[in-house]
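Here's the structure we're looking at; comments come further down.
The values are calculated or read from the model by the stated rules, or taken from the named source; none is laboratory data. Source: prediction; values computed, not measured. All Cβ positions, even for glycine, are placed from backbone atoms using ideal geometry, and neighbour counts span all protein chains on display.
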């Protein structure tokens, strides 16, 4: 052992789960059991920061053999949890982005929507009469761009978004036909998905979506009183009655894939357990995901700090129910928790918050390329068009800048490889700057990840087969929309 070894605190974090200690190895997003000697040595380094041979001998004489202590120290050195006089590992080296292997293209098929949800973030949203529809020429070129830039992919995704995408069904059908034909010729698989307010669903549309195996998410905020608070028609009437009726019709008739509900939490709405139970057990959705509003343009709808803490407390309650069900080999459909289980199981390590700009781009009705569906109609720069292609130099400069954590709090944060600075649109809505990481809920996010680690560990110890049954198949049903462990989007 060298004259002194230093503790690299930003690379290690331990979580107590019952009578066990779990080491979260931050650089690799890996989890390890800490036995007694490993935990004691880690504690010594946490206590003293720099540990010398005499410190080690004094602490562990008569408790552990020198050879066993040396084995653990060498393991920690290899993991870069402790470091001697050798230079730091190049973990913080600059990331170069030169390839853009698209897997997903999002088509904003209509700026018009027949609902007037009070919290909607879409800057190009308008009424149905004024809606600007995407034409097939733009959609066709979008698919061609996806196939060209995603040439290395065996499977690609086409997502239909709005406004209300079902208000442009003729385009959806023509685009599906075209994409299926092109992919068949190229021996590729193509998946389709959409997010809808459900009001325009008919039996015929449902059967069409079923035939083409769409991934479907319905925007719905919970029981009638909660849903009708913000999700109103253009005329100002609550939409729960029609949405719940159409949702039941869909859930009774649709067999191709699980159907999820996406909930937007606004000021005064924190009871995620009651909302989840209504959508999951009363209506029958397979999954329910929550997006708290913390930085919308209209402050009236933003959750206060106190409400956000209450949301997290209630999400933990729902997470405990997720755990109890998982130990009985059932999935309760709490998709925020399930996404975290997936990230931990797969060892997700992200340099960027999501695939926006690399694996995913959104096309507006004019054919311009946006970072994601949240930015269509905004004043944020676009990155090319379906005619001219991707502005790779400009897009690469932005992504490389955002991946550079130097000088940010993210640089030493223990969840940096799961959060990666947070949603770009959240940064835009909060700071009017997509380059700035979001900091206003960091403590809550770290606590949420610790809670998720405890849930994951319990499932792994007591019912490891759960992951093979419920997590591995889920990756095959990916609709192209990846969210942070807690999606803090401004709306849905």
Unique residue being buried (at least 19 other Cβ atoms within 10 Å of the Cβ), in a strand (DSSP E or B) and either modelled with pLDDT of 95 or more or touching a strand residue (DSSP E or B) at 6+ places or on another chain (Cβ under 8 Å) (or both) when the list is 42, 23: 23
Could you list, in sequence order, the residues of the range 325-339 that are assigned to a helix (DSSP H, G or I) and closer than 19 Å to residue 278 by Cβ? 325, 335, 336, 337, 338
Does at least one position in the range 154-168 carry a residue that is surrounded by fewer than 17 Cβ atoms within 10 Å (Cβ to Cβ), in a helix (DSSP H, G or I), assigned by TED's automatic domain parsing to the domain that holds residue 250 and touching a residue at least 40 places away in the same chain (Cβ under 8 Å)? no
Could you tell me whether any residue of the range 78-87 is under 27 Å from residue 413 (Cβ atoms), touching a helix residue (DSSP H, G or I) at 6+ places or on another chain (Cβ under 9 Å) and part of a strand (DSSP E or B)? yes
Yes or no: residue 412 more than 18 Å from the chain's Cα centre (by Cα) and closer than 18 Å to residue 28 by Cα? yes
State the number of residues belonging to the range 171-183 that are surrounded by fewer than 20 Cβ atoms within 10 Å (Cβ to Cβ) and either touching a helix residue (DSSP H, G or I) at 6+ places or on another chain (Cβ under 7 Å) or within 14 Å of residue 109 (Cβ to Cβ) (or both). 4
Among the residues in the range 231-253, are any crowded, with 23+ Cβ neighbours inside 10 Å, in a loop (DSSP other than H, G, I, E, B) and under 26 Å from the mean Cα position of the chain (by Cα)? yes
Residue in the range 266-316 that is surrounded by the fewest Cβ atoms within 10 Å (Cβ to Cβ), counting only those that are part of a strand (DSSP E or B) and modelled with pLDDT under 95: 291
Note: among 201, 171, 194, 209, just one is closer than 22 Å to residue 289 by Cβ and part of a helix (DSSP H, G or I), namely 209
Single match in 433, 387 (criterion: out of contact with any strand residue (DSSP E or B) (no Cβ under 6 Å at 6 or more places or on another chain), surrounded by fewer than 18 Cβ atoms within 10 Å (Cβ to Cβ), in contact (Cβ under 8 Å) with a residue 12 or more places away in the chain and part of a loop (DSSP other than H, G, I, E, B)): 387
Checked the range 133-170 for anything in contact with a strand residue (DSSP E or B) (Cβ under 7 Å, 6 or more places away or on another chain) and closer than 10 Å to residue 110 by Cα; matches are 133, 134, 160, 161, 162, 163, 164, 165, 166, 167, 168
Scan the range 400-416 for residues that are surrounded by fewer than 21 Cβ atoms within 10 Å (Cβ to Cβ) and under 15 Å from residue 355 (Cβ atoms) and jot them down. 403
Output yes when any residue across the range 472-488 is surrounded by fewer than 21 Cβ atoms within 10 Å (Cβ to Cβ), modelled with pLDDT of 75 or more and assigned by TED's automatic domain parsing to the domain that holds residue 291, and no when none is. no
Residues satisfying the stated conditions in the range 184-200, i.e. more than 27 Å from the chain's Cα centre (by Cα) and surrounded by 14 or more Cβ atoms within 10 Å (Cβ to Cβ): 200
If residue 403 satisfies all but one of (1) in contact with a helix residue (DSSP H, G or I) (Cβ under 9 Å, 6 or more places away or on another chain); (2) within 24 Å of residue 448 (Cα to Cα), what's the number of the condition it fails? (1)
Restricting the search to the range 340-357, which residues are part of a loop (DSSP other than H, G, I, E, B) and surrounded by 20 or more Cβ atoms within 10 Å (Cβ to Cβ)? 353, 354, 357
